[in-house]
DNA sequence: GTGGTCTAGACCACC
DNA sequence: GTGGTCTAGACCACC
């Protein structure tokens with residue numbers, strides 16, 4: 001069982017309308033669903049994570065608690081929080097999330113007056129691009 | 001002189017992490033940028049809109065006030081709120097919004113592990129679809 | 001008794017924080033205290049005034065009513081509103097108003113950090129100026 | 001790092017035709033432009049200020065929000081509101097305000113029938129005066 | 001404790 | 001009826 005914490009690059013946007021804890025939670029969920037974090041990986045400790053993100057420890061407590069409730073991580077008292085992966089759940093969760101964000105994105109773009117062709121054209125530009 | 005208020009179908013998602021006023025604001029901005037609301041169109045009155053969306057009038061005041069600050073609408077006290085359109089601004093705002101949501105969507109999908117091809121494939125499914 | 005209404009140049013600033021009726025009221029009071037409007041002068045009728053200032057007649061009713069309460073004008077039912085001047089009151093009212101606005105102005109300028117000399121210097125510039 | 005809130009003596013005139021929030025806003029703007037409040041100074045918290053001025057917190061929220069929009073202060077959620085000063089902006093804002101109030105004052109005095117000499121005479125009396 | 005969102009509702013100025 | 005000001009007060013996110 002791996003004990004080393006993987007480096008995650010979570011950016012908090014203070015101007016976002018989303019609360020801080022929600023931004024962190026979504027970032028961690030993405031990391032898990034994408035496979036960036038794997039079964040047994042240890043999350044940074046509450047204090048470490050709070051320090052890294054320059055955020056109050058209570059905020060991290062809230063995030064870890066909710067992720068635990070949703071079954072993505074579990075705590076080993078005294079040892080830390082670990083990623084828990086039910087592979088089938090991950091697969092389904094990942095697809096659902098992908099379809100959800102796709103649906104949300106496309107419907108907004110359509111409402112703005114862009115066609116599916118416009119959308120695909122815009123996205124194609126991203127190919128062979130770093131950022 | 002248009003005086004009739006256009007019907008808008010704004011849905012507030014109570015489960016959203018976005019605050020109510022932000023959801024309404026974004027919906028109205030979309031309607032303006034997309035051309036659904038045009039120069040001179042009258043918005044629903046504060047009380048009407050509040051009633052329609054089942055929300056407190058003060059929340060609508062906040063939305064209208066911010067949209068006014070951003071130059072999308074103006075108020076005529078005693079008469080109502082009206083759409084103000086600087087066409088060039090609309091054009092730019094629309095493109096920026098489109099690029100922003102595209103960028104945000106694509107980066108999430110990529111992080112989830114999907115490729116540009118996967119994304120385009122998923123979006124292509126939307127073609128020839130009603131919903 | 002003069003029946004011709006004198007031309008007054010009242011400007012309403014829709015962006016002012018002062019309500020419309022207050023702006024009109026102050027302008028009329030100034031005109032009376034300054035001698036621009038004299039004993040027996042007839043004010044524009046409610047409808048005329050409302051039309052000239054592009055304002056709702058009810059607003060003018062309110063203004064005239066308050067000026068009447070304060071003893072600056074009186075109404076002759078069916079004939080209109082007329083300036084009533086108690087010369088001693090006018091003199092006192094004018095001086096009081098002058099001292100009030102001077103006091104208010106000077107204290108603001110001082111708080112901003114300007115000296116009496118600065119103030120006098122700025123005001124002196126107004127001499128030999130049209131606007 | 002200054003954290004102490006400076007004492008401000010803001011008086012609300014209930015008889016004023018200016019709305020409460022406007023009076024408070026102007027007083028704070030004056031304090032900033034005059035240098036009474038400096039870069040980094042912390043404003044009283046929403047609740048403190050509301051208590052001090054015997055006004056509803058929502059009224060203070062409105063004041064702070066507008067001052068934030070105008071770039072005079074910024075909020076650090078959970079910490080408070082702080083003065084933000086772009087010195088050049090302050091200088092310009094101060095001069096503009098001074099010229100505005102001077103212009104407004106002088107034009108009223110002139111309309112009342114006083115001459116520039118009268119005005120300067122009245123203001124000169126303020127010299128060597130405490131109040 | 002501090003900022004931020006939101007509700008419920010009164011009252012005013014103006015159309 | 002319509003916008004605008006204001007109060008009283010609850011609840012949330014975060015420090």
Task: Selection count where residues are near DNA strand E (Cβ under 10 Å from one of its atoms) and surrounded by fewer than 14 Cβ atoms within 10 Å (Cβ to Cβ), scope the stretch D:54-64 - done: 2
Open item on the list: Can you pull out every residue in the stretch B:18-31 that is crowded, with 17+ Cβ neighbours inside 10 Å and more than 12 Å from the chain's Cα centre (by Cα)?
Closed with: B:18, B:20
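Any idea how many residues of the stretch C:11-38 are outside any helix (DSSP H, G or I) and away from DNA strand F (no atom under 16 Å from the Cβ)? Working first, answer last.
Kept after step one, since they are outside any helix (DSSP H, G or I), are these residues of the stretch C:11-38: C:11-19, C:34-38.
Pick out the ones that are also away from DNA strand F (no atom under 16 Å from the Cβ) and you get C:11, C:34-38.
Number satisfying all stated conditions: 6.
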Task: Complete set of residues in the stretch A:13-31 that are more than 11 Å from every other protein chain (Cβ to nearest Cβ) and either modelled with pLDDT of 95 or more or in contact with a strand residue (DSSP E or B) (Cβ under 9 Å, 6 or more places away or on another chain) (or both) - done: A:24, A:28
Task: Of all residues making up the stretch B:77-101, the number that are over 20 Å from residue A:27 (Cβ atoms) and touching a helix residue (DSSP H, G or I) at 6+ places or on another chain (Cβ under 8 Å) - done: 9
TODO: Taking residue B:6 as the residue in question, decide whether it is more than 14 Å from chain A (Cβ to nearest Cβ) and more than 16 Å from DNA strand E (Cβ to nearest atom).
DONE: yes
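For every residue, the table says whether it meets (1) surrounded by fewer than 17 Cβ atoms within 10 Å (Cβ to Cβ); (2) over 30 Å from residue C:19 (Cα atoms).
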{"position": "B:6", "(1), (2)": "yes, yes"}
{"position": "B:16", "(1), (2)": "yes, yes"}
{"position": "B:33", "(1), (2)": "no, yes"}
{"position": "B:52", "(1), (2)": "yes, yes"}
{"position": "B:66", "(1), (2)": "no, no"}
{"position": "B:81", "(1), (2)": "no, no"}
Open item on the list: So residue C:74 ticks every box in (1) surrounded by fewer than 19 Cβ atoms within 10 Å (Cβ to Cβ); (2) away from every other protein chain (no Cβ under 11 Å); (3) within 16 Å of DNA strand E (Cβ to nearest atom) but one. Which box is left unticked?
Closed with: (3)
Open item on the list: I'm trying to understand the selection: among the residues of the stretch D:32-50, which are more than 11 Å from chain C (Cβ to nearest Cβ), in contact with a helix residue (DSSP H, G or I) (Cβ under 8 Å, 6 or more places away or on another chain) and farther than 14 Å from residue D:73 by Cα?
Closed with: D:47, D:49, D:50
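So for the stretch B:51-65 (the condition being modelled with pLDDT under 95, within 14 Å of another protein chain (Cβ to nearest Cβ) and either at positive phi or more than 13 Å from the chain's Cα centre (by Cα) (or both)), does at least one residue qualify?
Filtering the stretch B:51-65 for residues modelled with pLDDT under 95 gives none.
Looking through the stretch B:51-65, none of the residues is modelled with pLDDT under 95, within 14 Å of another protein chain (Cβ to nearest Cβ) and either at positive phi or more than 13 Å from the chain's Cα centre (by Cα) (or both).
Just to be sure before I move on: is residue B:106 within 15 Å of DNA strand E (Cβ to nearest atom), within 14 Å of another protein chain (Cβ to nearest Cβ), crowded, with 18+ Cβ neighbours inside 10 Å and modelled with pLDDT of 95 or more in the structure I sent?
Numbers: within 15 Å of DNA strand E (Cβ to nearest atom): no; within 14 Å of another protein chain (Cβ to nearest Cβ): yes; crowded, with 18+ Cβ neighbours inside 10 Å: yes; modelled with pLDDT of 95 or more: yes.
No; evaluated as a whole, the condition is false for this residue.
Determine whether residue A:98 is away from chain B (no Cβ under 14 Å), crowded, with 17+ Cβ neighbours inside 10 Å, at pLDDT 90 or above and within 13 Å of the chain's Cα centre (by Cα). Show your work before the answer.
Working: away from chain B (no Cβ under 14 Å): no; crowded, with 17+ Cβ neighbours inside 10 Å: yes; at pLDDT 90 or above: yes; within 13 Å of the chain's Cα centre (by Cα): yes.
Answer is no for this residue.
The values are calculated or read from the model by the stated rules, or taken from the named source; none is laboratory data. Here the structure is a predicted model, which is why all the values come from computation and not from measurement. With ideal geometry, Cβ positions are generated from the backbone for all residues, glycine too; neighbour counts draw on all protein chains shown.
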